[in-house]
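The values are calculated or read from the model by the stated rules, or taken from the named source; none is laboratory data. This is a predicted model, so every value here is computed, not measured. All Cβ positions, even for glycine, are placed from backbone atoms using ideal geometry, and neighbour counts span all protein chains on display. Just the protein is used for accessible areas: all its heavy atoms, side chains included, with ligands, DNA and RNA removed. Shrake-Rupley method; radii C 1.70, N 1.55, O 1.52, S 1.80 Å.
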Amino acid sequence: MRTKKIAATVAVAAVATLGFAAPASAISASTADLYVLHAVPDTTVDVWVNGEVLLPDFAPGTLTDPLDLPAGDYEVVITLPNDPITSPVIGPATLPLAAGNSYTAVAHLDASGAPTATLFTNDLSTIPAGQGKLTVRHTAAAPAVDILANGAAAFSNLTNPNEVKADLPVGTISAAVAATGTTDPVIGPADVTIQEGVNTIVYAWGSLEDDNLALAVQTISGLHSTPDGVNSGQAGLVADPNPALVGSIAAAIALVLLAAVGLGVRAARSAR
Amino acid sequence: MAKVTMVVVTIAAALLLAACTATASAPEATPEPTPSAPREGAVDAHSAELVPVVPIAEPTLIEIPSAGISMVVRAVGVQADGLMELPEETAVAGWYRFGPAPGSESGTTVLASHVDSLEYGIGPFAALRNLVAGSEITVTDSSGTLHRYGVTSVSSVQKQQLPVADLFDRVGPRRLVLITCGGQFDYSTLSYSDNIVVIAEPLP
């Protein structure tokens, strides 16, 4: 009885530790952000972290808010709903979370269609003003693909479970996914908005064979930079007086006056 | 290593909790979790489906009655050299379109305009330096909404010292910042020494 009660209390403490959700900017010197994405089609699951169900009845195509977690190793197991942790569908897998980083743990299919999990590190680097970042991750049961932007191949030969990324000017691109070397879309085209200072992460997920390929999207904002300054005048029409300039103008006027006086004196003399 | 630490911490917390429960007496009365109860997650989650990004209403008009200012507002970005882009016309104010708009939930809406130009002469923003605390500013956006602000400060800042991270803030309270030029003029670089910065906060 006593053992059971302590076990239950440990569970409460563990959930309390893990269950503290916070905004993306909450990463501190000792914590990491973890998002969890479910990208295995058709199968609702339970996600266990360190022996406790963190995400019960987690549905395909669902993304969590970021969890602000103390840095360290976390053990993840994915089971069918209400199944014991001893009957995993995926895992156990160890997620090494380093302080100051942002991660997305994705439950997905590998290229041949078997369930797996991948821990991606999200790029939090500052983006130049006027641009956004596009990250594309291949988490689908499909061979290598090209990512088409506005009809042309923007990224080539992306394979599961890898990513490609680039900073792009803000705007909307028509994005599609096609088998490498082709331009006939297997996903899309779909409009993807590149937002300023935002890392837009697009996942290709599902299964080519089962005809359920789809896109999932995650955005991480707050990565913007600012203009370097504001240069908002060109003519000096409303400038304050410049003391140095006033001094030199005064000196110039004095010189002119002196010269004039000198000339005047000379003129007066020569007139005599 | 960190995992071990965490386990130790949680066990310590558990023992602490157990101790507390014990001193509170009647530990046996703690109810067992009901297996049939609906299960709730400790974490919020949402659909990761691709949804269109809804653009925010852009500011279109700024009026400052006490300074006789009524100016059209145009969306601008950044120049290749990293400085904020500005409308050439001194009678038009530029809105930094990558930052917040008046209708945004947070952050600073930045409007800036040339104080003067050889082609367009002296602009309305030349009057900003004469604003006083409490002066009212209204900004109308493309949805027709009128946003009212009261001036809280007017300052002259050396351009190199302009606190851009603060003025172009996106997460703090809603604010309006107006920027133009002032101070002395350098005829060799054709630029002013200072920025005139007006900070205004939303009025109820």
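Overview of values
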| read-out | value |
| --- | --- |
| Criterion violated by residue B:166 - all others in (1) modelled with pLDDT of 95 or more; (2) over 26 Å from residue B:61 (Cα atoms) satisfied | (2) |
| Among residues of the stretch A:39-76, those that are assigned to a strand (DSSP E or B), more than 14 Å from residue A:103 (Cα to Cα) and within 11 Å of chain B (Cβ to nearest Cβ), counted | 13 |
| Which numbered condition residue A:186 misses (of (1) assigned to a strand (DSSP E or B); (2) within 12 Å of chain B (Cβ to nearest Cβ)) | (2) |
| In the stretch A:46-63, residue surrounded by the most Cβ atoms within 10 Å (Cβ to Cβ) [restricted to those that are at negative phi and under 22 Å from the mean Cα position of the chain (by Cα)] | A:63 |
| Residues of the stretch B:121-153 satisfying the condition of being of a type in the set (D, E, K, R) and within 10 Å of chain A (Cβ to nearest Cβ) | B:129 |
| The stretch A:196-212, residues that are in a loop (DSSP other than H, G, I, E, B) and touching a Ser or Thr at 6+ places or on another chain (Cβ under 7 Å) | A:197, A:198 |
| Which listed residue is loosely packed, with under 15 Cβ neighbours inside 10 Å and either in contact with a Ser or Thr (Cβ under 9 Å, 6 or more places away or on another chain) or touching a residue at least 60 places away in the same chain (Cβ under 8 Å) (or both), from A:118, A:135, A:104, A:126 | A:126 |
| Single unsatisfied condition, residue B:8 versus (1) modelled with pLDDT under 95; (2) among the β-branched types (Val, Ile, Thr); (3) touching a helix residue (DSSP H, G or I) at 6+ places or on another chain (Cβ under 6 Å) | (3) |
| Selection within the stretch B:125-157 - more than 15 Å from residue B:111 (Cα to Cα), open to solvent by 60 Å² or more (accessible area, probe 1.4 Å) and in a strand (DSSP E or B) | B:136, B:146, B:152, B:156 |
| Complete set of residues in the stretch B:158-199 that are open to solvent by less than 70 Å² (accessible area, probe 1.4 Å), in contact (Cβ under 8 Å) with a residue 60 or more places away in the chain and not in a strand (DSSP E or B) | B:168, B:169, B:170, B:172 |
| Listing of strands (runs of 3 or more DSSP E) fully contained in the stretch B:41-120 that carry 3 or more residues being open to solvent by 40 Å² or more (accessible area, probe 1.4 Å) and within 11 Å of chain A (Cβ to nearest Cβ) | B:45-47 |
| Residue B:167 away from every other protein chain (no Cβ under 14 Å), under 20 Å from residue B:77 (Cβ atoms) and not polar (S, T, N, Q) | no |
| Condition check for residue A:66: assigned by TED's automatic domain parsing to the domain that holds residue A:47 and surrounded by fewer than 18 Cβ atoms within 10 Å (Cβ to Cβ) | no |
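Yes/no matrix, rows are residues, columns are (1) at pLDDT below 95; (2) surrounded by fewer than 10 Cβ atoms within 10 Å (Cβ to Cβ); (3) in the same structural domain as residue A:168 (by TED's automatic domain parsing):
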residue: A:216; (1), (2), (3): no, no, yes
residue: A:219; (1), (2), (3): no, no, yes
residue: A:222; (1), (2), (3): yes, no, yes
residue: A:235; (1), (2), (3): yes, no, no
residue: A:242; (1), (2), (3): yes, no, no
residue: A:247; (1), (2), (3): yes, no, no
residue: A:250; (1), (2), (3): yes, no, no
residue: A:253; (1), (2), (3): yes, no, no
residue: A:256; (1), (2), (3): yes, no, no
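A quick yes/no check of all residues on (1) more than 15 Å from the chain's Cα centre (by Cα); (2) modelled with pLDDT under 95:
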position	(1), (2)
A:88	yes, no
A:97	yes, no
A:106	yes, no
A:115	yes, no
A:118	yes, no
A:123	no, no
A:145	yes, no
A:154	yes, yes
A:162	yes, no
